[in-house]
Every structure is written in structure tokens, then in C-alpha cells.
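The values are calculated or read from the model by the stated rules, or taken from the named source; none is laboratory data. Here the structure is a predicted model, which is why all the values come from computation and not from measurement. In this analysis, Cβ positions are derived from the backbone assuming ideal geometry, glycine residues included, and neighbour counts consider all displayed protein chains.
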Amino acid sequence: MHAPTPESTGSSVDDRPAVDRLRHGDRGALTELYRRHAGAVYWNAYGVLRSRPDAEEMTADAFLTLWTRRREVEVFGSSALPWLIVTVKNLSRNRLRANERRRTDPLYDADHPADAPSAEDLAALEEAMRLIRGVIAELPVVDQRIFRLCMVDGLSYKEAAARLGLAHGSVRNRLSRVRLRLRRELGEGS
């Protein structure tokens, strides 16, 4: 994961339908929520940890927690982002405490990870990511580049448009079609 820009964080889209699908085990809903909120989650983790690799790991852990605790997720207003931010901040603070224990406790057992995700949860997350990569690989090259710039690198529509020499509206519309295709294709596999 490349660090998203602060401008790409958050969303005004209603998360309630995706969270409802997530509660019923829809892996595509997890992917949708990740795409929508990974930037904001990452920057909140980074604010606590001040380490890009740790923030990336805590972002992944927050979405894994979202999957494993999907029946407990609360939507505030129409957004799952507050739940994700509380989760990633707690995970990040726990990481800081664990790092401190490692530095000060000579008996710390580094071979005993706490709260390790189950193999089933990791497999589900990996399957969802494999499906996303497959769908993206089938897109026209320009749509792949738009997806990468906006969804992976965290650029705004305006920034992506400038890099690609396209109109802002064209980037927005093409990315919207990509998102619809992902929802359609991933929803069929769930």
C-alpha cells in the first residue's frame, strides 16, 4: 500500500448498504469499504505511530478486524469510518505499548502473537484482494492507471486527471464505472 494523500481520506458515500452486506459475509463489501476508507484509516494510524510500515500494517489489521467483527460494526450516521478510526487508533496504541514492552521486558515472548487472525479470515481477505486484482487486470490500461492513482496511491480526481492529461469529470466517471464493475463482479462471487 502506498501512503494515501490526506485529501483522499473520508467519503460522503452512505456505507450502510455495504455494512449490511458485510454482516452477511459479502467479501465484496469489505473491498468496497477498504477502497472508500483506507486513506483515512492509514493517516489516523500514522498519526499515532509515525511509521509508514506500522501504519500500513495497522490499516490492514483494522480492515481484518472489520471482517472478523463484522456483526458488531456500528455505522454512525451513514458512515463506518468512525468505527474504523476508533479501531485503528486502538490497534495503533496497542502496537506502541507492545513495542515499549519489547524494549523493556527481557522475558517478552516475540514468538507468541496476541490476537492473531484466523487462517479462515486471512484466506477470505486474500481471496477478496485476489478477485480485485483480477478485475482490475481486465480493465483498459487508462482505467487501471486511474484506479491505481486514485484508489491505491490516494490521489484526488483532480491530481489524477492532471497526471493523465484527462478532464476531472472523465476521471471521476471512469472511476465510477470501475467501482460499479468491481461491485458487480465481486458481488457475484460472494
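So is A123 of a type outside the set (S, T, N, Q) and modelled with pLDDT under 80 or not? Yes: the conditions hold for A123. Please determine whether any residue of the range 98-108 is more than 19 Å from T31 (Cα to Cα), modelled with pLDDT of 85 or more and of a type in the set (S, T, Y). Taking every residue of the range 98-108 in turn, none turns out to be more than 19 Å from T31 (Cα to Cα), modelled with pLDDT of 85 or more and of a type in the set (S, T, Y). Could you list, in sequence order, all residues of the range 129-170 that are closer than 25 Å to D26 by Cα and of a type in the set (S, T, N, Q)? Listed by number, the list holds a single entry, Q144. Output the residue which, of all residues in the range 140-161 that are assigned to a helix (DSSP H, G or I) and surrounded by fewer than 14 Cβ atoms within 10 Å (Cβ to Cβ), is modelled with the lowest pLDDT. Selected residue: K158. Only residues that are assigned to a loop (DSSP other than H, G, I, E, B) and not hydroxyl-bearing (S, T, Y): list them for the range 56-100, please. Result: R69, V73, E74, V75, G77, A80. Among residues of the range 49-66 that are under 16 Å from E32 (Cα atoms) and in contact (Cβ under 8 Å) with a residue 40 or more places away in the chain, those with a beta-carbon under 8 Å from a residue that is buried (at least 18 other Cβ atoms within 10 Å of the Cβ) and of a type in the set (S, T, Y) at least six positions away or on a different chain give the pairs T59/Y42; F63/Y34; L66/T87.
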